[in-house]
1. Pairs of alpha-carbon atoms within less than 8 angstrom and 6+ residues apart define the contacts here; what relative contact order does the stretch 105-216 have, in percent?
2. Which of the peptides 58-66, 30-38, 119-127 is most tightly packed, and how do the rest follow, judged by the mean count of other Cβ atoms within 10 Å per residue?
3. On the protein heavy atoms, probe 1.4 angstrom, tell me the percent of accessible surface of the stretch 126-216 carried by carbon and sulfur.
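The values are calculated or read from the model by the stated rules, or taken from the named source; none is laboratory data. Values in this document were obtained by computation on a predicted structure and should not be read as measured data. Cβ: placed from backbone, ideal geometry, glycine included. Neighbour counts: every protein chain shown. Ligands, DNA and RNA are excluded from the accessible area calculation, which covers all protein heavy atoms including side chains. Shrake-Rupley method; radii C 1.70, N 1.55, O 1.52, S 1.80 Å.
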Amino acid sequence: MRRGTFREGTVDYAAVGATRAPDLMHYPPEHSIPAEESWRIGSGEERFRSAGEALLSWTAQRAAGLQLSDVRPAAGDMYTGVSFDADGVPIAPSRSHVEQRYDAEGTPLVAPGMTLRVRGRVKGMRADAELRVISVTEERRRIGFVLGTVGGSVVSGEESFDIDWRDDTDEVWFTVRAFDSPTSVMYRLPGMVRRRRRELFSRYLRAISPLYATPV
């Protein structure tokens, strides 16, 4: 198991880690709009491993049409182990060093504390932002991470991405959770945040699911 979390006052929202809260959809952070979708993407360990590798190499973001730049690993030790228990109570993190890994092209894989910039468009509107990796989870049957906005985005908030290999059914599920608060005037119009979120969720699914061809 490898789990890492980074928590500092550098993101532009207060409820850091709230996408991990079991009651997110019922009690989202104030003034934010929550969203959650889960899709069955196959079964078995091979499907789980391949989906997890794709997730940690930024496939969901890249295939969603977002360009990554200025990907910077965090310096020094990270916080590890933060999570929520079955009752939704936060489990305190411990401090540990997490080794940074890279893909074949030399791009850093997802790691706690990392920052990056993304550029792109969603439904014809810009989706530029600076993001921070809040946490990373690598367990025997779960791989995932949490991204939070630092600034320069049309919304302020957080996304979590998880690949789960279920013990009871052998099925592999891809889950994305998020909460968004609009910062752009355009996205304060009724329905715009939800419209943006639906499009992003659809793109993420196409990136990770074997039912779709992943763009290079």
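1. Once normalised by length, the contact order is 16 percent.
2. Values: 58-66: 20.8, 30-38: 15.9, 119-127: 14.0.
Ranked by mean Cβ neighbours within 10 Å, highest first: 58-66, 30-38, 119-127.
3. Looking at the stretch 126-216 in its full context, I get 52 percent from C and S.
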